[in-house]
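Asker: First the structure, then my questions, so here it is.
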Protein chains: 2
Amino acid sequence: MKCIRCKKKAVITLKRHNAAFCAECFLHYYRNQVLKNIQKNKMFKKDDKVLVVVSGGKDSMALWDVLVKEGYNVVAMYINLGIGEYSNRSQEVVENFAKKNNLPLIVKNIKEEFGLDIYKLSKTLKRSPCSVCGTIKRYLFNKVAYDNGFSVIATGHNLDDEAATLLGNILNWGESYLARQGPVLPQTHPKLIKKVKPLYTLTEKENMYYVLLNKIEFLHEECPYSVGARSILYKELLNELEEKSPGTKQRFLIGFLEKGKKHFKEVENIELKECKTCGHVTTTEECSFCRLTKVSNTVS
Amino acid sequence: MKCIRCKKKAVITLKRHNAAFCAECFLHYYRNQVLKNIQKNKMFKKDDKVLVVVSGGKDSMALWDVLVKEGYNVVAMYINLGIGEYSNRSQEVVENFAKKNNLPLIVKNIKEEFGLDIYKLSKTLKRSPCSVCGTIKRYLFNKVAYDNGFSVIATGHNLDDEAATLLGNILNWGESYLARQGPVLPQTHPKLIKKVKPLYTLTEKENMYYVLLNKIEFLHEECPYSVGARSILYKELLNELEEKSPGTKQRFLIGFLEKGKKHFKEVENIELKECKTCGHVTTTEECSFCRLTKVSNTVS
Ligand SMILES: [Zn+2]
Ligand SMILES: [Zn+2]
Ligand SMILES: [Zn+2]
Ligand SMILES: [Zn+2]
């Protein structure tokens, strides 16, 4: 098989695009996709201060690297969630990359700084660890971005993630989720920083190729709490469809963004207040992060 | 396990309803579902002349039987599609049931009456057999209903069929298909008879129980042309989801009908004409059935 761009020997085939690339042309394709996504969706410009959310996994490492190489003004942020060895190893990966490339990195540790323990909180509150973790991450990334004058938060969500989330939202017809799902979550309040997903058209596999070809170290294992999550089942089902009919996943997601999403509207305009404890935006008296912190203080 | 209605020993469990029934109470539940579907969706009344589409399979046999027993004014119609032994055996099943219960039945044979051969047409036109078959069936059921003053056509589509079709329409974001999908396809032209699906909330398995408990003969095999059809893959995937989380299929379909469908509108109002050959409603000069007949005359 030959590279469709330079006609040299191809090493990577992308069935859904009916394309094959040599290593160099794949990286060209990859960068182009990211740049196109950023520009087409007006995610950010060269003078925007971008906070990149990194976990040590292939997706966020690829995002971090490509944004740096393309000359965007980025600072990475990592949260140590205190999930045993998984968290320690991922922090190491992220710190090594920052050091090696002399890149700015903000590190937060929820156990040391806030005394939060996801496992304990999950048990006490009878909520899934992923839901507790999501609350904490959303809060901290937004807070750091707001406090330090970032204009946008970028995450490594890929095509597989987005298609799986969409399938879940569709199976349950969550109208307000459908209204909000997309590569850009605009700023709806001065204290809620805009969020973007520059890799939303690139698959897990393509992000994997990107980090491998660039010899970027990353953590192969998934978060131990994610085992058995519904999203993994959805990914498997979409992979079965993709196998039978390459392009299904992209058609499903892009079709939604172009033809489906416009039909859904956020069900109601919920009034936003400021948290009585920390001042963050919330819909209740006290924000969910501050409530977690209180529960945490009570049980420990 | 005990029957949730009469507390006798249960023989059937319906996980998605968190219910178990004895044989008698299952039939009570089944009939109630059908009646509720008919009334809630204003499908037809006791004085409507209903044409029931029968194929000899469990779904349409269940529908035929339940509508007769509930005292609706129904006539069944069967089309022999000339698909070898499959068609012969299914015609026998349908004729036996009509004879045994002294029920009116209209039988059409596309090879004998119209010289149509699905396999040949499919090869000549490079269309799938299912697509050719669909054109023929839609035309003939509608024509017979119109010519004989029926007010509605009822088909045996079940929850599994409808959820699989919905998944296909969603994966491709077929907006006009989404706008039309539902248990009732209203009459949009005097020559296009209203179509309804009274079994749309009942699963394949429940229709199977119904025919078994009522000792109704039916054809177990599927149409040989349906093997490998996309719809079968969609059913399998939905069954995997249902297995992990009972109720998913129903939530998906009913959620769409209640919350999703309203957002989609038929993309354009296509002008309807009358076919220059047969007078049937069409969007082109000559209807697709008459064109099939011409192709058929040319190749044979
Ligand atoms: Zn090349
Ligand atoms: Zn707060
Ligand atoms: Zn009972
Ligand atoms: Zn015609």
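The values are calculated or read from the model by the stated rules, or taken from the named source; none is laboratory data. Predicted model only: the values in this text are computed from it and were never measured. Cβ atoms come from the backbone with ideal geometry, glycine included; neighbour counts cover every protein chain shown.
Asker: Which of the residues that make up region B:224-249 are within 12 Å of another protein chain (Cβ to nearest Cβ) and outside any helix (DSSP H, G or I)?
Answerer: Those that are within 12 Å of another protein chain (Cβ to nearest Cβ) and outside any helix (DSSP H, G or I): B:Gly228, B:Ala229, B:Ser245, B:Gly247.
Asker: Further question: Taking interchain pairs and intrachain pairs at least six residues apart, which have beta carbon atoms under 8 angstrom, with the first residue in region A:194-216 and β-branched (Val, Ile, Thr) and the second in a strand (DSSP E or B)?
Answerer: From residues that are β-branched (Val, Ile, Thr), the pairs are A:Val196/A:Val152; A:Val196/A:Ile153; A:Val196/A:Ala154; A:Val196/A:Val184; A:Val196/A:Leu185.
Asker: Looking at A:Lys7, A:Lys49, which is the one that is surrounded by fewer than 14 Cβ atoms within 10 Å (Cβ to Cβ) and not β-branched (Val, Ile, Thr)?
Answerer: Criteria check complete, one pass: A:Lys7.
Asker: Follow-up. I need a count of the residues in region B:97-123 that are at positive phi and part of a helix (DSSP H, G or I).
Answerer: Going through region B:97-123 one residue at a time, the tally reaches 0.
Asker: Taking the condition of being of a type in the set (A, V, I, L, M) and farther than 21 Å from B:Leu185 by Cβ, how many residues in region B:239-263 meet it?
Answerer: Qualifying residue count, region B:239-263: 1.
Asker: With the structure loaded, tell me whether A:Cys287 is more than 14 Å from chain B (Cβ to nearest Cβ) and either on the phi > 0 side of the Ramachandran plot or free of Cβ contacts under 8 Å to residues at least 60 places away in the same chain (or both) or whether it fails that test.
Answerer: no
One line per residue, one yes/no per condition, for (1) touching a residue at least 12 places away in the same chain (Cβ under 8 Å); (2) of a type in the set (Ser, Thr, Tyr); (3) in a loop (DSSP other than H, G, I, E, B); (4) within 13 Å of ligand 1 (Cβ to nearest atom):
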{"site": "A:Lys7", "(1), (2), (3), (4)": "no, no, yes, yes"}
{"site": "A:Thr13", "(1), (2), (3), (4)": "yes, yes, no, yes"}
{"site": "A:Arg16", "(1), (2), (3), (4)": "yes, no, no, no"}
{"site": "A:Ala20", "(1), (2), (3), (4)": "yes, no, no, yes"}
{"site": "A:Phe26", "(1), (2), (3), (4)": "yes, no, no, yes"}
{"site": "A:Ile38", "(1), (2), (3), (4)": "yes, no, no, no"}
{"site": "A:Lys46", "(1), (2), (3), (4)": "yes, no, yes, no"}
{"site": "A:Ser55", "(1), (2), (3), (4)": "yes, yes, yes, no"}
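Asker: Right, next: Tell me the residue from B:Leu253, B:Leu219 that is more than 16 Å from ligand 4 (Cβ to nearest atom) and within 23 Å of B:Ser90 (Cβ to Cβ), please.
Answerer: Only one candidate passes the filter, namely B:Leu219.
Asker: Still on this structure: Is it the case that B:Leu238 is touching a Ser or Thr at 6+ places or on another chain (Cβ under 8 Å) and either within 16 Å of ligand 3 (Cβ to nearest atom) or within 30 Å of A:Trp173 (Cα to Cα) (or both)?
Answerer: It is true that B:Leu238 is touching a Ser or Thr at 6+ places or on another chain (Cβ under 8 Å) and either within 16 Å of ligand 3 (Cβ to nearest atom) or within 30 Å of A:Trp173 (Cα to Cα) (or both).
Asker: Please determine whether any residue of region A:279-289 is out of contact with any helix residue (DSSP H, G or I) (no Cβ under 9 Å at 6 or more places or on another chain) and away from ligand 2 (no atom under 16 Å from the Cβ).
Answerer: no
Asker: While we're looking at this one, here's another question. Residues of region B:57-96 being at positive phi and either part of a strand (DSSP E or B) or at pLDDT 95 or above (or both), which ones?
Answerer: Answer for region B:57-96, where residues must be at positive phi and either part of a strand (DSSP E or B) or at pLDDT 95 or above (or both): just B:Gly71.
Asker: Do you know which residues across region A:14-54 are among the polar types (S, T, N, Q) and modelled with pLDDT of 95 or more?
Answerer: Residues satisfying the conditions are A:Asn32, A:Gln33, A:Asn37, A:Gln39, A:Asn41.
Asker: Give me the helices (runs of 4 or more DSSP H) completely within region B:145-215, filtered to those with at least 1 residues that are within 20 Å of B:Val34 (Cα to Cα), ordered by residue number.
Answerer: Because the criterion is at least 1 residues that are within 20 Å of B:Val34 (Cα to Cα), the helices (runs of 4 or more DSSP H) in region B:145-215 that meet it are B:159-171, B:204-213.
Asker: Which pairs turn up if I take residues in region B:158-172 that are under 17 Å from B:Val184 (Cβ atoms) and look for partners that are β-branched (Val, Ile, Thr) and surrounded by fewer than 24 Cβ atoms within 10 Å (Cβ to Cβ) with beta carbon separation below 7 Å, at least 6 apart in sequence or on another chain?
Answerer: Cβ pairs passing all conditions: B:Asn158/B:Thr203; B:Leu159/B:Thr201; B:Leu159/B:Thr203.
Asker: For region A:250-277, enumerate the residues that are away from chain B (no Cβ under 13 Å), hydrophobic (A, V, I, L, M, F, W, C) and surrounded by 15 or more Cβ atoms within 10 Å (Cβ to Cβ).
Answerer: A:Cys275
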